[in-house]
1. Working carefully through the options Ser298, Ser272, Ser361, find the one that is in the same structural domain as Gly411 (by TED's automatic domain parsing), small (Gly, Ala, Ser) and surrounded by 14 or more Cβ atoms within 10 Å (Cβ to Cβ).
2. With segment 272-369 as the region, which helices (runs of 4 or more DSSP H) entirely inside it contain at least 2 residues that are closer than 28 Å to Leu403 by Cα?
3. Which residues, taken from segment 63-81, are part of a helix (DSSP H, G or I) and either near the ligand (Cβ under 9 Å from one of its atoms) or in contact with a Gly (Cβ under 6 Å, 6 or more places away or on another chain) (or both)?
4. Could you identify the single residue in Leu98, Leu142 that is of a type in the set (A, V, I, L, M, F, W, C) and closer than 17 Å to Arg223 by Cβ?
5. Might you let me know whether segment 436-450 holds any residue that is surrounded by fewer than 19 Cβ atoms within 10 Å (Cβ to Cβ), touching an Asp or Glu at 6+ places or on another chain (Cβ under 9 Å) and not assigned by TED's automatic domain parsing to the domain that holds Gly261?
6. Any residue in segment 469-486 that is outside the structural domain of Gly48 (by TED's automatic domain parsing) and part of a helix (DSSP H, G or I)?
7. In segment 390-409, is there at least one residue being within 15 Å of the ligand (Cβ to nearest atom), under 19 Å from the mean Cα position of the chain (by Cα) and assigned to a loop (DSSP other than H, G, I, E, B)?
8. Please state which of the following conditions Met85 fails to meet, knowing it meets all the rest: (1) farther than 14 Å from Gln21 by Cα; (2) at pLDDT 95 or above; (3) of a type outside the set (Lys, Arg).
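The values are calculated or read from the model by the stated rules, or taken from the named source; none is laboratory data. The shown structure was predicted, so the numbers you read here are calculated from the model rather than taken from an experiment. In this analysis, Cβ positions are derived from the backbone assuming ideal geometry, glycine residues included, and neighbour counts consider all displayed protein chains.
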Amino acid sequence: MTETAAHPAPTTAAFLERCAQLLGPRGLTTDPERMDTWLTDWRGRYTGLALALAAPASTTEVAALVKLCAAHGVPIVPQGGNSGMAGGATPDASGTALILSLRRMNAIRNLDADAGQVVCEAGVILQHLHDAAEAAGLRFPLTLGGKGSATIGGLISTNAGGTQVLRHGTMRAQVLGLEAVLANGDVLDTLTPLKKDNRGFDLKQLLIGSEGTLGIVTAATLRLLPAPIGRATAWVGLGGIVEARTLLRQMERAMGDALEGFEVVPAHCLDSVLAHLPNARAPLGDRHEWNALIECVSPVSDSTSLRETLESALAAALEDTLIADAVIAANDTQAEDFWNLRDSISAAERALGPAMQHDISVPVEAMPEFILAASPAIESAFPGTRAVAFGHLGDGNVHFHILAPQGAVRGVWEEAEGKAVSSRVYDLVTQWSGSISAEHGIGQMKIDELARLHDPVALALMQRVKAALDPDNLLNPGKLLHAAPQP
Ligand SMILES: Cc1cc2nc3c(=O)[nH]c(=O)nc-3n(C[C@H](O)[C@H](O)[C@H](O)COP(=O)(O)OP(=O)(O)OC[C@H]3O[C@@H](n4cnc5c(N)ncnc54)[C@H](O)[C@@H]3O)c2cc1C
């Protein structure tokens, strides 16, 4: 008899029964309707099938479930908020994998305000962590547009970046300790944060950014910082991206450690956001080819002096005709309005039609020249396309999106032309000594490109680490790395 969801093979049925016993009715579903949302990625690029969706409530349950999967040879797709951009949390079409959702594990186990540390479970949503930190007079110094759904486990597993990396680093810099379930069900517990610890390899670093292929993150100890006292947020209009880099360097000198974010938004992106958000308004009167969003915060100085320093730095840039116009947010609400424009670019671009998205990095100094060289190169190689680059200029990381020609059909264009577009972009990035994934990870989207373009020595080493930690290739197979050839 053929195995189907209604008639699973006896071994599969036995496996699901054991899962149900272990997790109880809240912890497991095979109902297609309840699983539906979690079978497609945020961008709508990938849809898969799953044997079931498991949602354990504790690390003990995760460990027992992983042991069960190992015994039955069932692949596991770890999933947090499903806001990832590389299809990493979407199962393949075989329907043989179990989605292991961490969303029920959403407790903040301990927040130590004096130590500036918080221990939270993998399913805690980033926005909830921000709220908890704020209630304690602190803050968690990483944020991004998907903060309403992205979870701590997902952020760690993708080593997420966001808009404050310039000052505070990626997720890797925020993790002081980690708890994870390994492929054989063992629990690795390094939650106690030690400022100094030289007992060999720092294993948590191996798991950070491993996209669920080396272990399931169940909890983490994260660093918290004092809440900012002063904040000054500016929206600046400029004529070019080279000028934006000069402004970045001037701001670094003028604002020092207070400079936390420096994002660039081209006119095309601002136009699409304004068309997408009904009540949004452009911060400046005129339209500028490029805009920069500058965020400065300080835990010590008062907001007046921070604002004055930023004001005089911008006044000097205006006088030198480096910038065309600028406005400093009058209050937090206006600052959030500016950020909302920036954070809505992905959603606004998605509404425009099909596009190939590339989150790429090159050395910060080279980014303007890369944008100026790569945009026309792609547009002329693929007539009708349009290149837009926006985001984290201060980190040498922009989202380099290639919009499909007008009238292109979503789901068709990506296959017919989009993949070739991406390969060309990644070739260029590699020529510029950059990375094909600055922050979103490899997932299933870039697995072939990583295999094609990454240093063979680094790839072989990653394969050996994977084989050592997950010899049966049950943790998120088909993501990040192709299965190593059998000896
Ligand atoms: C509007 C918007 C803006 C965004 N902006 C940014 C940005 O600026 N910077 C940025 O870096 N990202 C950004 N993202 C992408 C996304 O939010 C991040 O990649 C985030 O880290 C994903 O978290 P998640 O919980 O949704 O993970 P998921 O999407 O569920 O999973 C992502 C990957 O992590 C694995 N995974 C998830 N949880 C675990 C776990 N507990 N243990 C092991 N593996 C796990 C999955 O298998 C998958 O490979 C944005 C997303 C949206 C929707």
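1. Ser361
2. On the way: elements: 303-319, 332-343, 345-352.
Correct list: 332-343, 345-352.
3. Step one: of segment 63-81, the residues part of a helix (DSSP H, G or I) are 63-72.
Matches in segment 63-81: Ala63, Val66, Lys67.
4. Numbers: Leu98 fails: closer than 17 Å to Arg223 by Cβ.
Sole residue among the options that is of a type in the set (A, V, I, L, M, F, W, C) and closer than 17 Å to Arg223 by Cβ: Leu142.
5. no
6. First pass over segment 469-486, keeping only residues outside the structural domain of Gly48 (by TED's automatic domain parsing): 469-486.
With the extra rule that they be part of a helix (DSSP H, G or I), the set shrinks to 469.
Within segment 469-486, one or more residues are outside the structural domain of Gly48 (by TED's automatic domain parsing) and part of a helix (DSSP H, G or I).
7. yes
8. (2)
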